[in-house]
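Scroll down for the structure; my scribbles are underneath it.
The values are calculated or read from the model by the stated rules, or taken from the named source; none is laboratory data. Note that this is a predicted model, so its numbers are computed, not measured. Cβ: placed from backbone, ideal geometry, glycine included. Neighbour counts: every protein chain shown.
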Amino acid sequence: MRAVIAGTGGYLPARSVTNDELAAWKGLDTTDAWIVERTGIRRRHIAAEGETASDMGLAAARAALAAAGADASDVDAVIVATATPDSAFPSTATLIQGRLGSTRGFSFDVAAACTGFVYALGVADALVRCGQARGVLVIGTEVYSRILDWTDRGTCVLFGDGAGAVFLRGMPEAEAAGRGILSTHLHSDGRHGEILHVDGGAGSTGGTGVVRMAGKEVFRHAVAKLAAAVDEALAANRLAQSDVQWLVPHQANIRIIDAMGKKLGLPRERVVVTVDRHANTSAASIPLALAEAARDGRIARGDLVLMEAIGGGLTWGAALARF
Ligand code: COA
């Protein structure tokens, strides 16, 4: 069986905040020029009061199902990647399954920080290949605005809220005709947990904690580890860099994105970039970018798409898919 990406969808909160507005709103000692130069971020969406990961994930899931011409009765499994679940349980995936009105199959969350979507895609692909699910919703949804230290200019300017989703349809290999997820490559190294972490949680402090990051260290690991994951994905499929039609990277920093595009020899217009308008939406960033590029017609059926991400853990990975 092959897991074919049958539809994509995205959701962004209504409120979009520019760097200057953010600085004024939160009383931050920063400038638009500094943020743009170091990160490429110009604005980000911030969830409304009471708007949760399940609210946003549900909207993205509905859009992905509609794009696939599917409905809740086609869904065997819901997998949500998030670091900002509505609550410890029910899982955000189960909340979304319930609100979709789907009563069969199963649902669960995946925790791999900014790599969450690649991890969830890997799990979904495995479920489809082994015949345990046929229709799978894979969702990344995040409200980082609730786990930021708004007095720390080194982190709070970097993140935004949003959700993205894909609907995977299991097809026999002959019917898929080369389409589908080709492979996923997942990695983690817990020795580096301290350089990007949330300093609390239900099982330790009882609170949610906030994001703490050693930015330069993360940057160093990101470039090396993402380059290795990309090489691994291509080698596993006996593909060359020149076969890649679209790079859809995790959107944390334009300098990391540009480094990966350059490594692959891809012109800028073959790299899907949303970080300027969305900032880093963690597990939501890749499916949001996929949805945007599918909707505006850039990514078309048959295109080879390379995805890669790195996040807290450290976790990192890559996925190759033919649309
Ligand atoms: N506005 C203005 N100045 C800021 C600032 C901000 N928002 N944030 C930090 N600074 C200051 C620092 O305080 C420091 O000042 P000092 O030299 O007086 O101490 C100076 O800028 C340099 O800080 P530094 O952290 O060394 O900057 P940097 O060039 O490494 O850029 C990041 C910081 C976060 C943009 C960069 O390290 C980065 O992008 N790292 C990767 C982050 C990432 O991708 N994380 C998510 C992975 S999922």
Problem - Single condition Thr208 does not satisfy, out of (1) surrounded by fewer than 13 Cβ atoms within 10 Å (Cβ to Cβ); (2) assigned to a loop (DSSP other than H, G, I, E, B) - result: (1)
Problem - Failed criterion for Val230 (all others in (1) part of a loop (DSSP other than H, G, I, E, B); (2) in contact (Cβ under 8 Å) with a residue 40 or more places away in the chain hold) - result: (1)
Practice task
Name the helices (runs of 4 or more DSSP H) wholly inside region 254-323 in which the number of residues that are within 11 Å of the ligand (Cβ to nearest atom) and surrounded by fewer than 21 Cβ atoms within 10 Å (Cβ to Cβ) is 1 or more.
Solution key: 254-263
Exercise for the section: Name every residue in region 90-117 that is out of contact with any helix residue (DSSP H, G or I) (no Cβ under 7 Å at 6 or more places or on another chain) and surrounded by 19 or more Cβ atoms within 10 Å (Cβ to Cβ), in order of residue number. Expected result: Ser91, Ala93, Gln97, Thr115
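Being at positive phi and not hydroxyl-bearing (Ser, Thr, Tyr): is that true of Gly69 here?
Working: at positive phi: yes; not hydroxyl-bearing (Ser, Thr, Tyr): yes.
Yes.
Using the structure shown, decide if Thr84 is closer than 23 Å to Phe167 by Cβ, of a type in the set (Ser, Thr, Tyr) and either crowded, with 24+ Cβ neighbours inside 10 Å or at pLDDT below 95 (or both).
Values: closer than 23 Å to Phe167 by Cβ: yes; of a type in the set (Ser, Thr, Tyr): yes; either crowded, with 24+ Cβ neighbours inside 10 Å or at pLDDT below 95 (or both): no.
In short, no.
Suppose we filter region 24-37 for residues that are within 10 Å of the ligand (Cβ to nearest atom) and over 22 Å from Ala284 (Cβ atoms); how many remain?
The initial filter retains those residues of region 24-37 that are within 10 Å of the ligand (Cβ to nearest atom), namely 28-35, 37.
Now narrow it down to the ones that are over 22 Å from Ala284 (Cβ atoms): 28-34, 37.
So the count comes out to 8.
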Problem - Criterion: under 22 Å from Thr94 (Cβ atoms), of a type in the set (D, E, K, R) and either assigned by TED's automatic domain parsing to the domain that holds Ala300 or more than 14 Å from the ligand (Cβ to nearest atom) (or both) - qualifying residue of Arg62, Arg15, Arg2 - result: Arg62
Completion exercise
All conditions in (1) within 16 Å of the ligand (Cβ to nearest atom); (2) in contact (Cβ under 8 Å) with a residue 40 or more places away in the chain; (3) not basic (Lys, Arg) are true of Ala224 except (2)
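Within region 243-252, work out how many residues are in a loop (DSSP other than H, G, I, E, B) and over 14 Å from the mean Cα position of the chain (by Cα). Quick ask: steps written out before the conclusion?
Of region 243-252, the ones in a loop (DSSP other than H, G, I, E, B) are 244-245, 250-252.
Then drop every residue that is not over 14 Å from the mean Cα position of the chain (by Cα), which leaves 244-245.
Summing the residues that are in a loop (DSSP other than H, G, I, E, B) and over 14 Å from the mean Cα position of the chain (by Cα) in region 243-252 gives 2.
Being of a type in the set (Gly, Ala, Ser), more than 18 Å from the chain's Cα centre (by Cα) and more than 27 Å from Arg15 (Cβ to Cβ): is that true of Gly131 here?
Working: of a type in the set (Gly, Ala, Ser): yes; more than 18 Å from the chain's Cα centre (by Cα): yes; more than 27 Å from Arg15 (Cβ to Cβ): yes.
Spelling it out, Gly131 is indeed of a type in the set (Gly, Ala, Ser), more than 18 Å from the chain's Cα centre (by Cα) and more than 27 Å from Arg15 (Cβ to Cβ).
Quick check, is Asp55 of a type in the set (D, E, K, R), modelled with pLDDT of 95 or more and within 16 Å of Ala6 (Cα to Cα)?
no
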Problem - Selection count, region 14-70, where residues are over 20 Å from the mean Cα position of the chain (by Cα) and buried (at least 22 other Cβ atoms within 10 Å of the Cβ) - result: 3
Fill in the blank from the handout: Per the list (1) within 16 Å of the ligand (Cβ to nearest atom); (2) without any contact (Cβ under 8 Å) to a residue 40 or more places away in the chain, residue check on Gly50 breaks on (1)
